[in-house]
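Right, one structure below, let's go through it.
Read-outs: derived from the displayed coordinates by stated rules, not from any lab. Every value quoted in this text rests on a predicted model; they were computed, and no experiment measured them. No Cβ is skipped: glycine too gets one built from the backbone with ideal geometry, and neighbour counts run over all protein chains shown.
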Amino acid sequence: MAEVKTYPTGALPEVSLPTAPPRKGQKVPVPKGRYKARGVVLHTLKYGERQLIIHIFTAEYGRRSYITKLSQRNNPRGLFQPLFVLEFDAWSGRGELHHIDQPLQAVPLAELPFDIVKSTIALFLSELLYRLIQEGEPDEALYQFVERSIVALDGMGEGVANFHLWFLVHLTEYMGYAPQENYTEGSALDYRNGHYTPTPPAHTLVMLAPEAALFHRLRHCDCDALGEVGLSREQRVTMLERLTDLYGYHTDAIYGVNSLRILSEIF
């Protein structure tokens, strides 16, 4: 049977990015003066009484930190909500933080800001990406995946409760954590060594057969088909724990994600 395409299709046209983007992990200089950018809001922090610092995963420059004056429009409940996709003007000032001006919502979101389940998932994913993505390192493929996933989550009907698991599984490919494609029925997933194995290893860095099978299924499942992945709450909690262990083996960043506990309680 042919593999199912692993990314949402038809939801969003290709994002216009530089024709020759830097290699992954390569730092790029941020333009001097005024420039335009597009990006996904990951984290906001009130600075003083009248300013806001916004951490944005930009298409062109990787994760960057910006500052803006607080106003009725520019506040955490306005355009700077988790996973909002913005187009904006920016300019460099005297300090390291660049200023942001005239932000516009590049991708209209109909449900994500108002649906408690989807907004909770958005909070979790934005926290996770904020901690995983390094400052100033552009990654075109990851950006495309994140933006398309936001559109897919916003428009989803069935299967929303499985979306965070699907996202975490697919994100392993961009983080370099994905295992080899050697799955066979009944295999365990040895994520210390990055492959499936018919016999569970002696160490504990492993997903046993049920979770390994689910990992493989989610990896080869379009998010439009997540409603067909019937999981109990116990199965979701167990899978989230195993995925947390997998990420935790590679980086302790996931343990700082405060909304991880909230996600477990909801699903």
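For the chain, which span is the longest to avoid every loop-located (per DSSP) member of GluC sites (Glu not before Pro) having at most 16 other Cβ atoms inside 10 Å? The reported range is 186-267. Using the average count of surrounding beta-carbon atoms within 10 Å as a protection proxy, the listed peptides 50-56, 246-252 rank, highest first, as 50-56, 246-252.
Over all orientations, region 35-105 has a Cα convex hull whose mean projected area works out to 4.2 square nanometres. Across region 156-266, the mean sequence separation of Cα contacts (distance under 8 Å, 6 or more residues apart), normalised by length, yields a relative contact order of 28 percent. Between 163, 102, 243, the Cα set farthest toward the positive side of the dipole of the chain (charges on each charged residue's Cβ, about the Cα centre) is that of 102. Evaluated with a Cβ-only charge set (Lys, Arg +1; Asp, Glu -1), region 156-266 carries a dipole of roughly 220 debye about its Cα centre, given to the nearest 20. Only lysine pairs 8 or more places apart, or on different chains, with alpha-carbon atoms under 26 angstrom apart are counted in the chain, and they number 11. Where the alpha-carbon atoms of the chain are placed on the principal axes, they occupy 58, 37, 35 Å, in descending order.
A straight chain from residue 70 to residue 175 at 0.36 nm per residue would run longer than the Cα-Cα distance by 34.4 nm. If you fit an axis through the alpha-carbon atoms of helix 116-132 and take the longest principal axis of the Cα set of the chain, what angle between them do you get, 0 to 90°, nearest 10? In the chain, helix 116-132 runs at an angle near 80 degrees to the longest axis. A simple rule links phi to the HN-Hα coupling: the Karplus curve 6.51 cos²θ - 1.76 cosθ + 1.60 with θ = phi - 60°, which for region 251-267 gives 7, 7, 4, 5, 6, x, 7, 5, 6, 4, 5, 5, 4, 5, 6, 6, 9 Hz, with x for Gly and Pro. Simple point charges give the picture: +1 on the Cβ of Lys and Arg, -1 on the Cβ of Asp and Glu, and for the chain a dipole about the Cα centre of about 1080 debye. Spin-label model, residue 195/residue 117: points 7 Å from Cα along the beta carbon direction are separated by 3.9 nm. Overall form of region 156-266: oblate. Here a/c, set by the Cα gyration tensor axes a ≥ b ≥ c, is 1.5 or more, and a/b is not larger than b/c. Checking every one of the trypsin sites (Lys or Arg not before Pro) in region 163-267 against DSSP loop status and a limit of 16 other Cβ atoms within 10 Å picks out 192.
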